[in-house]
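Written below as structure tokens is the structure these notes are about.
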Protein chains: 8
Amino acid sequence: MQKQAPPLVAIIMGSKSDWEIMRHADETLDRFKVPRECRVISAHRTPDALREYVLAAEGRGIEVLIAAAGGAAHLAGVVAAHTVRPVLGVPIPSTTLQGLDSLLAIVQMPAGIPVGTLAIGKPGAINAALLAVSILAAARPDLRDQLQQFRAEQAQRILDETLP
Amino acid sequence: MQKQAPPLVAIIMGSKSDWEIMRHADETLDRFKVPRECRVISAHRTPDALREYVLAAEGRGIEVLIAAAGGAAHLAGVVAAHTVRPVLGVPIPSTTLQGLDSLLAIVQMPAGIPVGTLAIGKPGAINAALLAVSILAAARPDLRDQLQQFRAEQAQRILDETLP
Amino acid sequence: MQKQAPPLVAIIMGSKSDWEIMRHADETLDRFKVPRECRVISAHRTPDALREYVLAAEGRGIEVLIAAAGGAAHLAGVVAAHTVRPVLGVPIPSTTLQGLDSLLAIVQMPAGIPVGTLAIGKPGAINAALLAVSILAAARPDLRDQLQQFRAEQAQRILDETLP
Amino acid sequence: MQKQAPPLVAIIMGSKSDWEIMRHADETLDRFKVPRECRVISAHRTPDALREYVLAAEGRGIEVLIAAAGGAAHLAGVVAAHTVRPVLGVPIPSTTLQGLDSLLAIVQMPAGIPVGTLAIGKPGAINAALLAVSILAAARPDLRDQLQQFRAEQAQRILDETLP
Amino acid sequence: MQKQAPPLVAIIMGSKSDWEIMRHADETLDRFKVPRECRVISAHRTPDALREYVLAAEGRGIEVLIAAAGGAAHLAGVVAAHTVRPVLGVPIPSTTLQGLDSLLAIVQMPAGIPVGTLAIGKPGAINAALLAVSILAAARPDLRDQLQQFRAEQAQRILDETLP
Amino acid sequence: MQKQAPPLVAIIMGSKSDWEIMRHADETLDRFKVPRECRVISAHRTPDALREYVLAAEGRGIEVLIAAAGGAAHLAGVVAAHTVRPVLGVPIPSTTLQGLDSLLAIVQMPAGIPVGTLAIGKPGAINAALLAVSILAAARPDLRDQLQQFRAEQAQRILDETLP
Amino acid sequence: MQKQAPPLVAIIMGSKSDWEIMRHADETLDRFKVPRECRVISAHRTPDALREYVLAAEGRGIEVLIAAAGGAAHLAGVVAAHTVRPVLGVPIPSTTLQGLDSLLAIVQMPAGIPVGTLAIGKPGAINAALLAVSILAAARPDLRDQLQQFRAEQAQRILDETLP
Amino acid sequence: MQKQAPPLVAIIMGSKSDWEIMRHADETLDRFKVPRECRVISAHRTPDALREYVLAAEGRGIEVLIAAAGGAAHLAGVVAAHTVRPVLGVPIPSTTLQGLDSLLAIVQMPAGIPVGTLAIGKPGAINAALLAVSILAAARPDLRDQLQQFRAEQAQRILDETLP
């Protein structure tokens, strides 16, 4: 799989400043050679563009949507309102409340419209990508193998750590 | 002004269970004889109906929109994304976190799309109605008089309180 | 699909008292006729049984794991440590801090081991099931159709609400 | 409309150090050519000056009052106690608790005296100005047109963003 | 000293419903036979009455003012803005946020206008009275003796406790 | 009154690093020429020295005790346990939780042992000194005059502020 | 070991009302037949009795001290200030803030005086007892065997749970 | 006792970046010449290595285990699940929420598996070491003497502080 292939994952963020964090999701998907696309679309400032983007995504082959936003972070919820594909949310810690507001605004969704929420900030961006890979892997055994390889290497790096 | 007159204020809530709190907004507007309408529309479960309702509201003469929701409370923000009329938000305290999540999800809007947020729960419902009246009063001197009368009576009730 | 079929989803909870909330996940999966199994296994009190259960789950055909716990809620994280299958976490609001501790202990996972976290309590239980269905639906078009049907009925129920 | 025209909006702040944030409200009103005035008046240190200012404001043509303060932020509430004009509150994040104290002290007003509260800090300052414009726009169609233009440009800026 | 004597302490509360808690301040002062008066005056709903009450208090011999309020609890701060007599604040736990909002709105006063803040709820009401007694005791040795007697009895009650 | 006169106020802090904040209490008392002494004594690391210091303080003419500490801030409570003189507490914001822990550990005293708590950090240090002056002023009319002068100057400084 | 034997563990609580929670510590120690004594002693209301009790405890053979308190919970810290024996703290959830204040006031001790803190409420009471047993077990192999037996039974109870 | 002697204390941390804080635990144990070993092992990334390490620890003579982690900090709980030796937890403040998440994820353990939790960050690291020493001291009178010496020196340092 390559970036030029039709994207399987969409990474959407509410503001260009979120890229600093969300590029870690992009880089993680790149490591697994999962084709994806990254977009800045705001739930509040470009609601119609967001709706159209999500409604078209499925037809374009997008299987998982990752949405990142900060503050009154409605992006992931609005995305989830327009698709039955899995939606993963990443709270951005850019606000005065360190992302606690972003986290609650993303995770506390009402029954009926799920958003799988990851950790605040960079760890959440990386894990959203890994969870997307694990979802895609159900039908792609090579991705599952890659994930197991990734886990093994990650474990080895920890075991190789030495303290002063 | 009467309820049968074309509504000036829309009271929207994400769930019928919010009515227990939002009826206080309705009753407060009733006291000022401000025509209004109350609707259950969900930002997440009925996004298209919400969008259409808000886009049509202005043409129908709605001047202020009050939106109430709990948890990941996106209703007020999504309403505000679709109109330049004043939008007021009421955090519903129905969740496990007592409405702190509702409050942050409503008040922490990004620059560009304002929501005037009131207190969590019943006081917020009453005050959303009062703030709507005060906005309408700019062009309706009788409403301003009524507001001053309301304030005077309210003050007198406090001053008449007696302690055991 | 039927309950007697080999389970596709595992619902694991740290304590039998969590069933009061997690039965909503079970009922939601039942609505979609997704075969699943429910287990009480504690990350802290039965760590070896948990490890063995998760390691065996993949071979038994489990595609998604839902883990629910309260307080220092490590269950979902420990499950995720032992599998590359998607793991979804539900914070149980049973503690003195109303589930804020459960939420943070589940969602704030370090980079490398993702847990898709849902809302605290009953809405989270229902949404974990719905997200699991949406993950399974990638390879099962009938599930996708059912999800869309579910969404449509859910929207209609909202639109049919009447206020006093 | 020009700055030299009689002001329609008052921007009040509890301390000169709040100007760093509140100048964004001033600049936003300037963009819409809404005449306004900015004042440092403290609810606690100059209570009588505050009271006199607010009581005189209406007679001077002020239609909306924006009040910003931090910590035990009483300014907006005290302003609202003395006028039936719409009062908007901006929590200043200057304190040790990052503005959570300011937010709660402004938004949690008792029933009877409303304050429409915006986000903590700069986004709140900008949005207070935008909400003031939207309130003034009820009787000034040109302002409504300007708001729609502002929204369209804002949306376009988002859509024009490119990621690396 | 008797209740009929000119009051030395004023107990002010923002709402009659606060009496359930503030009667414990009244009863504690009664135990020390400190003359006091209790009033319902609201910082927001009766601002002028509050100002006049406080400005007159000193001339009437009031030496300490205790103010109790909930939510955006501005009462103690507004009282302190109008007097240089010691002002003690009691956060009322009547709101959805259990009094955390009340506490922050009372204690986080800006430099220049102090409010000595006590615990949320009943313990705070009792302690506000005890702190008032200890302030009055500077010039009244008999009150100091009574306080020491109170402490001794209080200690003895603890030491006499028996567990099952 | 001079610094060489027997001290009327004791400023106690749990760690020398608290001086950075508590010197503002010292400077404020200096402005009013109130004799005072400053000490580093820890409730946890020097409990016996603290007890002896407090027990001796009253005999040495100390009329008000100001105690500042951070984290599990027990200093003010332990001081209050050993004296019936007024004790004022200042939460130090030096910990990872920005002083929320310090604030709760100082203000939430049980009924029977009051601590008048001020704001977190520098404003609290200044206000503890001002509240101490206001307590001392009951028997010292010149201090009351000074306080009124202080308030008037403070108000004038605010009124003289000019914005760019 | 029996209750009549010289106690090895002291369970101290700040108020008799804490017994409702702390009896679970007592019952847990009883299960392991660890001799212990339970006392109500308040850090604030009976500071001298507390100091004397702790100073004498070591000579009487007490090896572990468990201290429980709520609100500004200083008991465990003050106990730890007077002994080098292990001190374990249990936050009592009896206050308006659900024990978050109790937790922070116990756990955030400054460097130099440790308190091993357990969960808020009943789970913390049980675990304080279990941790005390595990500390005593270093020199008492039979206690270690009992602990392992306890763990095995606890695990079996979980594994024997059946869901409806 | 020397570092080369078989270790009595294990200091485990979830990430090498935690060493910056946990070296204070190491240095504190060094001061008491307690042999110990420090390891980076992750509950999530190396679960099997962690399990094996803990299961082997007791046989190697480890008497106390100190575990430090941040965010969804499961390390201490997982360690405690595998041993009946005393386990002490140190919350690392490295996350966006300043360690409040780490603290709750460590301290709120369910009944049955205790973790003695210390303060967030460096004070907690030092105190975990001191509490470990105090546990070891039950059977090592020289350690108890050293602890008393440590306390005396610590007190003297406080008493020797001078303020400007």
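If you check G:161, G:153 for being modelled with pLDDT under 95, farther than 30 Å from residue F:18 by Cα and open to solvent by 30 Å² or more (accessible area, probe 1.4 Å), only one passes: G:161.
Filter the range H:29-58 down to the residues that are of a type outside the set (Phe, Trp, Tyr), within 23 Å of residue H:140 (Cα to Cα) and either in contact (Cβ under 8 Å) with a residue 40 or more places away in the chain or not in a helix (DSSP H, G or I) (or both) and list them by number. If you could, list the steps in order and put the result at the bottom.
Initially, the range H:29-58 is screened for residues of a type outside the set (Phe, Trp, Tyr), giving H:29-31, H:33-52, H:54-58.
Going one step further and asking which of them are within 23 Å of residue H:140 (Cα to Cα), we end up with H:29-31, H:33-38, H:57-58.
Matches in the range H:29-58: H:29, H:31, H:33, H:34, H:35, H:36, H:37, H:38, H:57.
Answer with yes or no whether residue E:47 is within 8 Å of another protein chain (Cβ to nearest Cβ) and at pLDDT 95 or above. Yes; evaluated as a whole, the condition is true for this residue. Has the range F:73-90 got at least one residue that is of a type in the set (Lys, Arg) and touching a helix residue (DSSP H, G or I) at 6+ places or on another chain (Cβ under 8 Å)? Looking through the range F:73-90, at least one residue is of a type in the set (Lys, Arg) and touching a helix residue (DSSP H, G or I) at 6+ places or on another chain (Cβ under 8 Å). Among the residues of the range B:1-53, those identified as over 13 Å from the mean Cα position of the chain (by Cα) and of a type in the set (Phe, Trp, Tyr) are B:32, B:53. Here the condition is being of a type outside the set (A, V, I, L, M), within 7 Å of another protein chain (Cβ to nearest Cβ) and more than 24 Å from residue C:122 (Cα to Cα); of B:151, B:140, it holds for B:151 alone. For the range A:79-92, check the following and say yes or no: at least one residue is in contact with a Ser or Thr (Cβ under 7 Å, 6 or more places away or on another chain), at pLDDT 95 or above and closer than 22 Å to residue D:124 by Cα. Scanning the range A:79-92, I find at least one residue that is in contact with a Ser or Thr (Cβ under 7 Å, 6 or more places away or on another chain), at pLDDT 95 or above and closer than 22 Å to residue D:124 by Cα, so the answer is yes.
Within the range B:29-62, track down each residue that is hydroxyl-bearing (Ser, Thr, Tyr) and open to solvent by 20 Å² or more (accessible area, probe 1.4 Å).
From the range B:29-62, those hydroxyl-bearing (Ser, Thr, Tyr) are B:42, B:46, B:53; that's our starting set.
Listed by number, the list holds a single entry, B:53.
I want to confirm something. Restricting to the range B:117-130 and keeping residues that are at the interface with chain D (Cβ under 9 Å from one of its Cβ atoms) and over 14 Å from residue B:30 (Cα atoms), which single residue is most open to solvent (accessible area, probe 1.4 Å)? Let's see the steps before the verdict.
Kept after step one, since they are at the interface with chain D (Cβ under 9 Å from one of its Cβ atoms), are these residues of the range B:117-130: B:117-120, B:122-130.
Applying the additional criterion that residues be over 14 Å from residue B:30 (Cα atoms) yields B:117-120, B:122-124.
Working: B:117: 0, B:118: 3, B:119: 4, B:120: 6, B:122: 105, B:123: 45, B:124: 0 Å².
The residue in question is B:122.
Looking across the range E:1-22, the residues that are touching a residue at least 40 places away in the same chain (Cβ under 8 Å) and either more than 8 Å from every other protein chain (Cβ to nearest Cβ) or over 27 Å from residue D:78 (Cα atoms) (or both) come down to E:6, E:7, E:8, E:9, E:10, E:11, E:12, E:13, E:17, E:18, E:21, E:22. When the range B:119-164 is filtered for residues that are farther than 30 Å from residue A:13 by Cβ and either charged (D, E, K, R) or in contact with a Gly (Cβ under 6 Å, 6 or more places away or on another chain) (or both), the ones remaining, listed by number, are B:122, B:131, B:140, B:142, B:144, B:145, B:151, B:153, B:154, B:157, B:160, B:161.
Checking the conditions here, which among F:56, F:67, F:128 is farther than 29 Å from residue G:17 by Cβ and under 12 Å from the mean Cα position of the chain (by Cα)? Give the steps one after another, and end with the answer.
Working: F:56 fails: under 12 Å from the mean Cα position of the chain (by Cα); F:67 fails: farther than 29 Å from residue G:17 by Cβ.
Just one listed residue meets the conditions, F:128.
Residue B:114 fulfils the conditions (1) out of contact with any Phe, Trp or Tyr (no Cβ under 9 Å at 6 or more places or on another chain); (2) over 15 Å from residue D:88 (Cα atoms); (3) open to solvent by 10 Å² or more (accessible area, probe 1.4 Å) except for a single criterion, (2).
Please find, within the range E:73-86, the residue that is nearest to the chain's Cα centre (by Cα) out of those that are among the β-branched types (Val, Ile, Thr) and not in a loop (DSSP other than H, G, I, E, B).
At the first step, the residues of the range E:73-86 found to be among the β-branched types (Val, Ile, Thr) are E:78-79, E:83-84.
Applying the additional criterion that residues be not in a loop (DSSP other than H, G, I, E, B) yields E:78-79.
Numbers: E:78: 14, E:79: 12 Å.
Selected residue: E:79.
Against the definition (of a type in the set (Gly, Ala, Ser) and touching a His at 6+ places or on another chain (Cβ under 7 Å)), how does residue H:77 come out, yes or no?
Values: of a type in the set (Gly, Ala, Ser): yes; touching a His at 6+ places or on another chain (Cβ under 7 Å): yes.
The answer is yes for residue H:77.
Which residue is nearest to the other protein chains (Cβ to nearest Cβ), if the candidates are limited to the range A:70-89 and must be open to solvent by less than 10 Å² (accessible area, probe 1.4 Å) and among the hydrophobic types (A, V, I, L, M, F, W, C)? Top of the filtered list is A:72. If the condition is being closer than 15 Å to residue A:73 by Cα and either among the hydroxyl-bearing types (Ser, Thr, Tyr) or touching a Leu at 6+ places or on another chain (Cβ under 6 Å) (or both), then the range A:99-129 contributes A:101, A:102, A:104, A:114, A:116, A:117, A:120, A:124.
Evaluated against (1) assigned to a loop (DSSP other than H, G, I, E, B); (2) touching a Leu at 6+ places or on another chain (Cβ under 6 Å); (3) more than 7 Å from chain H (Cβ to nearest Cβ), residue G:62 falls short on exactly one condition, (2). For the range C:6-28, the tally of residues that are outside any helix (DSSP H, G or I) and open to solvent by less than 30 Å² (accessible area, probe 1.4 Å) stands at 8.
The values are calculated or read from the model by the stated rules, or taken from the named source; none is laboratory data. Just so it is clear, the structure is predicted and the values come from calculations on it, not from any experiment. Here Cβ is always computed from backbone atoms with ideal geometry, including for glycine, and neighbour counts include all displayed protein chains. Only protein heavy atoms, including side chains, enter the accessible area calculation; ligands, DNA and RNA are left aside. Shrake-Rupley method; radii C 1.70, N 1.55, O 1.52, S 1.80 Å.
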